[in-house]
Each structure stands twice: as C-alpha cells, then as structure tokens.
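> After the structure tokens below, expect a handful of questions from me.
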Amino acid sequence: MIEISGLHVRYGHHEVLKGISLQAGRNEILGVIGPAQSGKTTLLKTINRTIDDIPGASVAGTVKVDGEDVRRVKDVFSLRRKVGMVAPLPVGLPLSIFDNVAFAPRMAGVRDGQELEARVKRCLEQSALWDEVKDRLDSLGTRLSGGQQQRLTIARALSHDPEILCLDEFSIAVDPVTTMRIEDVLKELRSQMTIILVTNLVQQARRLADRTAFLLNGELVELDRTDVIFSDSPARRETFEYVNGIFG
Amino acid sequence: MIFLTMTLMMVVPLLLIVGYLIYQALPILSLDFLLTNPRNGMRSGGIWSPLLGTIYLVVISLVIATPIGVLAAVFLNEYARENWFTRVLNLAVVNLAGVPSIVHALFGLGAFVMFARMGKSILAASLTLAIMTLPVIIASTKEALAAVPRSFREACWNVGATRWQTIRHIVLPNSISGILTGVILQVSRAAGETAPIMFTGAVFFKAIEEGNLFAYGLFDQGMALSMHLFTISTQVPDVPAALPFGTAVVLLGTVLLVNALAIIVRVQLRSRRKW
C-alpha cells in the first residue's frame, strides 16, 4: 500500500513534481502515464528513496509505504528491499545469471545454498526466463540479449520479495514479443504485490493497469479507473487529448 | 606515413639507448654482479646493497601508498558528494601529482626526517616516495572506478545493497585491472627517482650481508640503484666504464620488467571483463 500526499520535488530551482497526491492499493497495478519531463521517473525514485542519490534534489510532502513515511525510515536499504525497481534500460550485473538473481538475498544475509537455489529458480520462473537459461545459470548475465536482460532485471527485483514493484518504462529496449511475455508476468504478479507501472506507451497502461494516473509538467492531471481514463469522457480534456495522441 | 615516421622517431632512440647500454654493460653483467656489494671504493664488485635498498624502498612505499591511495579514491569517487570540499580535494590531488620530486624531497626531510624524528632512514625515504606516488595512485584508481558504469551501482542500490556492498562486490572487482596497472606503474617511478631519497634515507655507500634479503632495517640508511648510478657516474674517479652501464641496465631492466608486468596484468584482467 502506497500513499503519497502533497509531494513536491525540486532539482535545484526546477520544480519537477508539484503537489502530487495518490494512493495505490495491494494487488493493484497503478499505471502512470504522461509525456517526457512530466516527473514519472522522479515519482518512482521518491518511493524507494533513490532520489537521495541525486545531487541537488529536495523533497517535501509525504510518501508512505504500509503506513510508514519513507523519509523517516532510518534503514533505507530495508526500504529498498521492500520496493523492487526495474529501470528503463536492462542492466545485467557483471555476474553469472545465478549470481545476478542471488545478489540481493545474499546482500540481505541469506547464505543457505538450497534456499538461494530455490529463490533463483522461483524468480526466474516468475519473470518467464527460467526455461531459456536453466541450463546455463553460470553464464554471464551481461551476455544475455536485451529482452532476456530485462527479464533478468525483473527476476532480480523480485528476488528480495518486494511488497511493491515499480517498473519504469520497462519495455523501452525490449521487442514486442518479449514485452507481451513480461506483461503476462505482471498480470500474474498482481495477486502478490502492488505494481506501479510508469510507461510512455498509453496502450500498455490500458492493457495492464487497474487505475491510471496522468501526469503533465509535474502535476497530477487526473487519476481514475483505467477504463474511465481511456473513455471518450475522462474528467479532463488534457487526458483525452494525451491518450488519443493529440499531443505528447 | 607521417604518423609512422613520428612513431619510429619515438621508438628508434629508445631501442638505440637500450641497445647501447646493454652492449656497454655486457662485460660486467652476471649473477655475481647482482649479488655482491660494491668494493674497492665502488670501483669494482657488484650492486647487491643498492639493489636490495631499491627493492625495500619500492615495496615499503607501495605498501604505504596503495591502501591509502585506493581508499582515498574510493571515498572521492563513491562516497563524497560534489561540493566545494571535494572540489578542493580533487584539485589538491591533481596539483600534488605535478609537484617536482625535489620538493617532495624537502617535504620528506622536514616532515619525516626532522619533525617525526625518523632520521635519514629507509622508512623516511619510503614515506617520501609514498607521498610522491600517492596522487597518481589516487588519480588512476579514480579513473578505473569511474569506468564502471553507474547503472551497475544503481541496479545494486535498487535491490537494497549498501554502498559498501556495491563497491565490494561489483565496483572493485570490475575496476581491479585499472587499479593494479596504476599501482604497478608507480613501482617504476619509485625505483627510478633519486631526488626524494637523497635527503631522506639514501647513502653514498653501505655494505650489507650479501645474499641476506633482510639485511636492512626500517631505520637503517640504505643504498639505492638510482643514487648509486649517480654516485659512480659523477662522484667517484676511475670507475670502469662497464660498472655504471651495468647498474643502468639493471635499473632500466627492473623498470621495463615492471612495466611489462603491468601490461600483462592489464591484458589478463581485461580479457576477463564481464561486460
């Protein structure tokens, strides 16, 4: 469960998010759409506090994960284990496929070999990669194709059993067939966690999201059920124009 | 064609120098030359004492400079935020690398020999060499760390890895070839310098037990190849011509050997690069 209220983010003098308030519930896929520079990625970075690593960034307002204000969390690393994050470009760590997925559990202190093996298998199955790599788990993750690396990234994000999964334009470097496979994976994962899907592909939000938020220039223009957002009569004219490709 | 000519103009003099040195030194080069002390007012004998002194200076200075340099670079590249303080630190590192070695020598004389009361000793000379090599080790290590893509770090932070876990498991293993190359190249610099050790620990002559690798103590004064070469070339009359050439070949050979080692290490580790 995520509750964001009155969220303002500045990079120096430039205000990127202007008073965003929204909620995402358990077992829900919340789509976040909007043109470039609308603050979608920044929104995700405030949830797992990777915004802390951006020089000059300042945050005001509250972001609560399971009722706890993330800005008051002392152990930011445990927060990040609660929130899985998938970046736009696939990143295979320079480790074996097995070690890529086992990385997060190991860093969290899991040492038992059998437990690690079971977890790696489960995460690779969940990300629809197991069948393709089960015979070469010792191969380098960086040598996989772009689509496979993105599914490896998802497997890595799932490996620390997150309660929330944030995906930031995951299909930007992935072919359409792989994109559809990952979308199927997300539909299955919905029953286990909250998913926030940031995407430039409005039709992807339409296919996957239960509710969709439309951001424009750092402001939340509209948040509603996806079928309403994509109907002929959303509450705001900008929403209709954006989802129908009139601008953006 | 002009590029090839320029390249040859660079390589030919080097080959001529090395060839001429070896030709002149051939009559004296032997294992005995390496393992005996200078004798007869340094007009005969070998170079055991200065050779061992140089090995001590290089090893001790690197043992001191490497951990400090690598950790400082890790701090500057991985932990420090961009602000006036880190800008001043980076500027200091760059400027320190450009300080002439004779200035390092005077610093070593003031700081280690006199202020820290180490006297003229191998330790004081090694510390001076360490101070001299430190900025280059920091700069080359920073460069090697910066070559590891930031996306690897972000991927680690996103799954809850701490900064140190990220550095330990991803950044350092993937930058080790650059770090080692930088460190190894400093061996040749430390071995070849004369000025920083002249005032701080190197002596004109000192006989030590031949064949004993532990003949020097940390607070002993010691001979060094570079200083020995300077001495027998300019300060001692009637030295046989082959003697300075032999010393120069051993010094040059050591430097080239270390450089070759750096290249082999770099090639080996780069071939294992994982991205």
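FYI, it's all coordinate maths here, none of it is from the lab. These numbers come from a predicted model, not from an experiment. As a convention, Cβ positions derive from the backbone with ideal geometry for all residues, glycine included, and neighbour counts pool all protein chains shown.
> Just tell me how shielded A:69-81 is by partners: mean number of partner chain Cβ atoms within 10 Å of each residue's Cβ, no decimals.
2
> Taking 2.2 N^0.38 Å as the expected size of a compact globular protein, what ratio does the Cα radius of gyration of chain B give against it, to two decimals?
Dividing the Cα Rg of chain B by 2.2 N^0.38 Å gives 1.15.
> How many Cβ atoms of partner chains, on average, are near each residue of A:83-93 if near means within 10 Å of its Cβ?
Shielding by partners across A:83-93 averages 4.
> Could you state the per residue volume, in Å³, of the convex hull enclosing the Cα atoms of region A:2-243?
121 Å³
> Regarding region A:1-105, what is the average projected area of its C-alpha convex hull, in nm²?
Across all orientations, region A:1-105 yields a mean hull projection of 7.8 nm².
> With N denoting the number of residues in region A:59-176, provide Rg(C-alpha) divided by 2.2 N^0.38 Å, to two decimal places.
1.11
> Please give the peptides B:262-274, B:186-198, B:59-71 ranked by average Cβ packing (other Cβ atoms within 10 Å per residue), highest first, as a rough proxy for protection.
Listed from highest to lowest mean packing, they are B:186-198, B:59-71, B:262-274.
> Ok, one more. In degrees between 0 and 90, to the nearest 10, how far off the longest principal axis of chain A does helix A:97-107 point, with axes built from Cα atoms?
In chain A, helix A:97-107 runs at an angle near 70 degrees to the longest axis.
> Using alpha carbons only, what's the Rg to Rh ratio of the protein assembly as shown with Rh from Kirkwood?
Using Cα coordinates only, the ratio equals 1.15.
> Related question: Starting from the Cα of A:K18, draw a straight line to each of the lysines and keep only those under 23 Å, dropping any in the same chain fewer than 8 residues away.
Counting by Cα, and skipping residues close in sequence, A:K18 has these lysines nearby: A:K40, A:K45, A:K64.
> Counting helices only, and only those DSSP H runs with n ≥ 4, report the 222 nm mean residue ellipticity of the protein assembly as shown as the sum of -39,500 (n - 2.57) divided by its residues, in deg cm²/dmol to the nearest 500.
Counting only the DSSP helices, I get -16000 deg cm²/dmol.
> What does the structure give for A:46-56 when I average, per residue, the other chain Cβ atoms found within 10 Å of the residue Cβ?
2
> Further, regarding this structure: Work out which helices of chain B, taken as complete DSSP H runs, extend at least 27 Å along their axis over the Cα atoms and score a mean Kyte-Doolittle of -1.0 or more, then list them.
B:2-25, B:48-74, B:122-146, B:242-271
> Arrange the following residues from fewest to most other Cβ atoms within 10 Å of their Cβ: A:M1, A:M85.
Going from sparsest to densest Cβ surroundings: A:M1, A:M85.
> Rg over Rh of region B:18-98, using C-alpha atoms and the Kirkwood radius, what does it come to?
1.29
> For A:K134, go through the lysines and keep the ones whose alpha-carbon is under 17 Å away, minus same-chain ones fewer than eight residues off.
A:K121
> Along the positive direction of the dipole of chain A (beta-carbon charges: Lys, Arg +1; Asp, Glu -1; about the Cα centre), which of A:Q37, A:H13, A:F247 reaches farthest?
Farthest towards the positive pole: A:H13.
> Let me ask you something else. Counting just the Cα atoms, what span does region B:174-267 cover along each of its three principal axes? Round to the nearest Å and put the largest first.
Principal-axis extents of the Cα atoms in region B:174-267, largest first: 52, 32, 27 Å.
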